[in-house]
Every structure is written in C-alpha cells, then in structure tokens.
Amino acid sequence: MKKLIITSALLLFMGVSGIYAKEMNPGKNNNLNTGAVKTMYLPFSTYGKAEMELVYTKGKYSVWRCKDEYVNNYPGNSLTGTTYKYFVYKNNSYHLAIKENNKEDIFKYFSDFKEN
C-alpha cells in the first residue's frame, strides 16, 4: 500500500511540474499573429517605449510598425513610411530601422522573394 501511495504521489508531482515547465518555456508563449499590438522598447521615442503592431515574422526576426508621432528622436528623415515607421526586432529586442536604402532587401527577406 505504501508503494502505491508513493508511486501515485511521485507521478502526480512529475505531471504537475511538467505542466508548469511547459508554461514557463518562453519559446512557446511568444507566438504572435500578424496585427498583434504590443508595447515595445523603441530607442527613438521620447518615452523609450511605443505601441507597436506586428507586420511580419521570420525566425528570430520580426517587423513592427508604430505611428509616426511616436518616433521623434530619429536623426534625419530617412525612415520609410509617412503614417507609420517600421523597425526590425530580433528576439523581441530592437535590431534596426527600416529606411529607404534597406527596405527592399528587408522586404525580400521576409517575403521569401527569390530572383531567377
């Protein structure tokens, strides 16, 4: 009888710990769909954060956009977009800004466009 109780308690403990471990895995919980809105770090905003909308994802990289009014500390007028400004994040951390000189290459990367 003691073996049955100990075995049951051990199986219950392992099952519960497995459930908690799955919930705490950051790779599984960060699956956002296109159009998702999230407040993220933005180095070119006065407040340091801005409400961003997910545009594309591919692997570790994602393209987010925010309203033009949030981007007030970027040097020059080379950012792409008039109503929205676009940025690439890697693992949910700021990586680079999408500008006129790099927008075609970034779009090709995210759209899987291949020239013959």
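The values are calculated or read from the model by the stated rules, or taken from the named source; none is laboratory data. These numbers come from a predicted model, not from an experiment. Cβ sites come from the backbone with ideal geometry, for glycine too, and all protein chains shown count toward neighbours. Keep in mind that these areas ignore ligands, DNA and RNA; they rest on the heavy atoms of the full protein, side chains included. Shrake-Rupley method; radii C 1.70, N 1.55, O 1.52, S 1.80 Å.
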Pick from region 9-61 the residues that are modelled with pLDDT of 85 or more and among the acidic types (Asp, Glu): which of them is least open to solvent (accessible area, probe 1.4 Å)?
53
When region 65-83 is examined, which residues are found to be farther than 18 Å from residue 46 by Cα and open to solvent by less than 60 Å² (accessible area, probe 1.4 Å)?
78, 80, 81
Going by the conditions given, is residue 86 crowded, with 16+ Cβ neighbours inside 10 Å and at pLDDT 90 or above?
yes
